[in-house]
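The values are calculated or read from the model by the stated rules, or taken from the named source; none is laboratory data. The structure displayed is predicted, hence computed values, not measured ones. A quick note on method: Cβ atoms are made from the backbone with ideal geometry, for glycine too, and the neighbour counts reach across all protein chains shown.
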Amino acid sequence: MKIVTRLIIISVVILILASCGIIPTLLLRIPLDPIGLKVPVAWGDAFEIFVTVDRLPVSIPILNPVDTAMPVKLRMSIPGYSGELNPDSLLLFEDGRAQGFVLLKETEVRIGVDIVFLVDITGSMGTEIQGVKDSMTDFLNDLATAGIDVKVGIVPYGDYVPADPTTSDNIGFTPSYLGLVSPTEAASYTQQLAAGWGADGPENAYGAIMFAWNNMAWRPGSQRMFIMLTDAFSHYTGDQPVTIAWPNGYDPSNDFNPKYTKADVLSAILGYATFHIIASTGDYYYTTDTDFSHPGDPREIADLTGGLIIYQDPLGEPDLSSIGITEYILSSWLVFFETRSYDDPHNLDLYIELPDTSQGQKHLFGVTY
């Protein structure tokens, strides 16, 4: 009966795709789980592996639903490595049990990359904003040279999103934000960016993420990415009156809009987009920080979505071409495997050996699909 039901489902899917002019051309079968393969007792830890459960549909059908009843898709990235991986390079375990899997380069199954820059334009960000203007063109040219189909959006923000000259932001732009356009158009837009005011310490980082998430014309099947440049924690719904201590006493004291929490952001984008943050150190951010759980700290979003956390000297200018975003895009893979249960949390263990024999590992606990 299950096979019949799956056949009906795949027939309907194919009819729908055919009516849209999309015919499935790549339907893969996840191999059977290896027998007798055990979790390695000793394994190297020479490089970082970023892993998240990926819920974003790919641009072409990948798996044959007749053969794969309960597929799970992981997004995996090895920053700084843009070489090749093959299935023999990876060991995957769910709850200690070795998994058969399909491994595909993400750039081969996405139609392109949609990148949105979220730029804190408050007064303390003056030097960093100049750096963005100086380096944006080179960064976008690097992506184009790499042969990546890129669309770029930009959202300037302070306490309000987009930045509003009639508020404590004391600055605005025309247009107030930039939707997804070509890299050339995006580079041109950055030239008008400048620093405003901002009143209190926190800015509206969560509002910026959610504004972009809800208003950008994301391309179906694209890889979706946020890059935030800021030196402040985020306002959040209920942050006033202050009941939780803020770093260095930089408490929130003025209004902001729109209002969201970190949980709201994670509920919306986790599994669908990657969030990177370039954080200027000195007031809220320190390179020695390891606890990102403060309700105003956006670094936890980067950590949970598999993004990069990059610290910036507040007196310097960020070089977007040198922080590894291009390499991050090129070093991303999708891993498909079949779970035994969607209902229960799982522990995942991944072990990778690169062609130069260096090894890395990643362990996720209590993962839900």
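I need the full set of residues from the range 308-347 which are hydrophobic (A, V, I, L, M, F, W, C) and more than 19 Å from the chain's Cα centre (by Cα), in order please. If the condition is that a residue be hydrophobic (A, V, I, L, M, F, W, C) and more than 19 Å from the chain's Cα centre (by Cα), then Leu315, Phe337 are the ones that fit.
Within the range 214-256, the set of residues being out of contact with any Phe, Trp or Tyr (no Cβ under 7 Å at 6 or more places or on another chain), assigned to a strand (DSSP E or B) and of a type in the set (Ser, Thr, Tyr) comprises Thr230 only. Filter the range 288-315 for residues that are surrounded by 17 or more Cβ atoms within 10 Å (Cβ to Cβ) and polar (S, T, N, Q) and give the result. Once the filter is applied, which keeps residues that are surrounded by 17 or more Cβ atoms within 10 Å (Cβ to Cβ) and polar (S, T, N, Q), the range 288-315 yields Thr305, Gln312.
Which of the residues belonging to the range 102-140 are in contact with a helix residue (DSSP H, G or I) (Cβ under 7 Å, 6 or more places away or on another chain) and of a type in the set (Phe, Trp, Tyr)? Correct list: Phe139 only. From the list Gly172, Gly153, the one residue that fits, being of a type outside the set (Asp, Glu) and in a strand (DSSP E or B), is Gly153.
Please determine, by comparing only the residues of the range 191-223 that are in contact with a strand residue (DSSP E or B) (Cβ under 9 Å, 6 or more places away or on another chain) and aromatic (Phe, Trp, Tyr), which one is surrounded by the most Cβ atoms within 10 Å (Cβ to Cβ). The extreme case among them is Tyr206. Of the candidates Ser253, Ser234, the single residue that is small (Gly, Ala, Ser), touching an Asp or Glu at 6+ places or on another chain (Cβ under 7 Å) and crowded, with 16+ Cβ neighbours inside 10 Å is Ser234. When Thr288, Thr305, Thr281 are checked against the criterion of being assigned by TED's automatic domain parsing to the domain that holds Gln130, closer than 24 Å to Phe139 by Cα and over 21 Å from the mean Cα position of the chain (by Cα), a single residue qualifies: Thr281.
Selection within the range 86-121: residues that are in contact with a strand residue (DSSP E or B) (Cβ under 6 Å, 6 or more places away or on another chain) and part of a loop (DSSP other than H, G, I, E, B). The member of this set that is surrounded by the fewest Cβ atoms within 10 Å (Cβ to Cβ) is Asp95. Residues that are surrounded by fewer than 22 Cβ atoms within 10 Å (Cβ to Cβ) and free of Cβ contacts under 8 Å to residues at least 24 places away in the same chain are absent from the range 124-144 altogether. When Lys362 is tested against (1) of a type in the set (Lys, Arg); (2) within 19 Å of the chain's Cα centre (by Cα); (3) more than 17 Å from Val51 (Cα to Cα), only condition (3) is not met. Residues of the range 318-369 that are buried (at least 16 other Cβ atoms within 10 Å of the Cβ) and over 22 Å from Gly307 (Cα atoms): Phe337, Glu338, Thr339.
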